[in-house]
1. Considering only the stretch 69-80, state which residues are touching a residue at least 24 places away in the same chain (Cβ under 8 Å) and under 18 Å from Ala17 (Cα atoms).
2. Evaluate the stretch 109-120: report whether one residue or more is of a type in the set (S, T, N, Q) and surrounded by fewer than 18 Cβ atoms within 10 Å (Cβ to Cβ).
3. Inspect the stretch 74-83 for any residue being among the β-branched types (Val, Ile, Thr) and either in contact with a Gly (Cβ under 9 Å, 6 or more places away or on another chain) or part of a loop (DSSP other than H, G, I, E, B) (or both) and give the result as yes or no.
4. Under the condition of being under 20 Å from the mean Cα position of the chain (by Cα) and assigned to a helix (DSSP H, G or I), which residue from the stretch 47-71 is nearest to Gly119 (Cα to Cα)?
5. Can you pull out the residues in the stretch 125-161 that are farther than 17 Å from Thr247 by Cα and of a type in the set (A, V, I, L, M, F, W, C)?
6. Filter the stretch 164-176 for residues that are among the small types (Gly, Ala, Ser) and surrounded by fewer than 19 Cβ atoms within 10 Å (Cβ to Cβ); which is farthest from Val92 (Cα to Cα)?
7. Of the numbered conditions (1) in contact with a strand residue (DSSP E or B) (Cβ under 6 Å, 6 or more places away or on another chain); (2) at pLDDT below 95, Gly84 satisfies every one except a single condition; which is it?
8. Across the stretch 127-143, what is the total count of residues that are under 16 Å from the mean Cα position of the chain (by Cα) and either in a loop (DSSP other than H, G, I, E, B) or surrounded by fewer than 23 Cβ atoms within 10 Å (Cβ to Cβ) (or both)?
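The values are calculated or read from the model by the stated rules, or taken from the named source; none is laboratory data. All of these numbers come straight from a predicted model, not from anything done at the bench. Here the Cβ positions follow ideal geometry from the backbone for every residue, glycine too, while neighbour counts run over all protein chains shown.
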Amino acid sequence: MSHNGIAGTVAVVTGAAGGIGRAVAARLAAEGAVVAAADVDAEGLASLVGGLHADGRKAEGYTADVRDSAAVEALFGAVERDLGPVAHTVNVAGVLATGDATDTPDARWEHLFAVNTAGVFHVCRAAARRMRPRGSGTITTVGSNAAGVPRSGMAAYGASKAAATMFTKSLGLELAPQGIRCNVVSPGSTDTPMQRGMWDGDEGARGVIAGSPERFRVGVPLGRIAVPDDIADAVCFLASSSARHITMHDLYVDGGATLRA
């Protein structure tokens, strides 16, 4: 293991097949981790792992649905059997749905919480059960700035991310005596397929940067939308030994879009 606390360790990344998850997996692999990439998208996983292998990185793909607690336990069992003890876990798997709160159907609410909240619980629990006896490890949850600032049309999504954020912080308090650190990275608008799905035409990015007063949404003070690597860099920092005295922290990576309210 190198001085960065990542090289030579095993890292599990959920939601690794695309967007932010793909960037996180690649960044950790570049730092020398053996990456266990997990996702429901088997084809996307194959593409990711193939690309990492071509770059001389170490990674294996595991198809798993974070909504299924038994599948998550099986995932961690397989990873530790195949690759070794898990030192770092990153929750990236997530879904987004928008709409006014009063028009939100039960199925949409339940799906958001099944992936964004229960999925984080399942993964964190499986990771913590293995890390706790060893007295080391990091768990990082990729949340959203919508968890900390009300967003019009995103009540259900924001609530699911807020729950995941508080769970991760509370878990961090429980695991601190064992030296296990649990943190959150909360992105703002990030150029991913999920983000682009909310855009209306080619002006989508400009609209996000400018803000929308009628939706009570300020723009992005830094004048740019994040790219997945911006989020991956923050995740990698919190997993590294450079952040060894940081736990239960929520790091906003949103270009100032929430004014850190």
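1. As a first pass, look at the stretch 69-80 and keep what is touching a residue at least 24 places away in the same chain (Cβ under 8 Å): 69, 72-73, 75-76, 79-80.
If the condition is that a residue be touching a residue at least 24 places away in the same chain (Cβ under 8 Å) and under 18 Å from Ala17 (Cα atoms), then Val72, Leu75, Phe76, Val79 are the ones that fit.
2. In the first step, residues of the stretch 109-120 are kept if they are of a type in the set (S, T, N, Q); the result is 116-117.
Remaining after also requiring surrounded by fewer than 18 Cβ atoms within 10 Å (Cβ to Cβ): none.
No, the stretch 109-120 contains no residue that is of a type in the set (S, T, N, Q) and surrounded by fewer than 18 Cβ atoms within 10 Å (Cβ to Cβ).
3. Taking the stretch 74-83 first, the residues among the β-branched types (Val, Ile, Thr) are 79.
Those still in the list that are either in contact with a Gly (Cβ under 9 Å, 6 or more places away or on another chain) or part of a loop (DSSP other than H, G, I, E, B) (or both) too: none.
The answer is no; no qualifying residue exists.
4. If we take residues in the stretch 47-71 being under 20 Å from the mean Cα position of the chain (by Cα) and assigned to a helix (DSSP H, G or I), then Ser69 is nearest to Gly119 (Cα to Cα).
5. Across the stretch 125-161, the qualifying residues are Ala126, Ala146, Ala147, Val149, Met154, Ala155, Ala156, Ala159.
6. Of the residues in the stretch 164-176, the ones among the small types (Gly, Ala, Ser) are 164, 170, 172, 176.
Adding the requirement that they be surrounded by fewer than 19 Cβ atoms within 10 Å (Cβ to Cβ) leaves 170, 176.
Values: Ser170: 18, Ala176: 22 Å.
Among them, the one singled out is Ala176.
7. (2)
8. To start, the set of residues in the stretch 127-143 that are under 16 Å from the mean Cα position of the chain (by Cα) comprises 127, 138-143.
If we keep only those that are either in a loop (DSSP other than H, G, I, E, B) or surrounded by fewer than 23 Cβ atoms within 10 Å (Cβ to Cβ) (or both) too, we end up with 143.
The number of residues fulfilling the criteria is 1.
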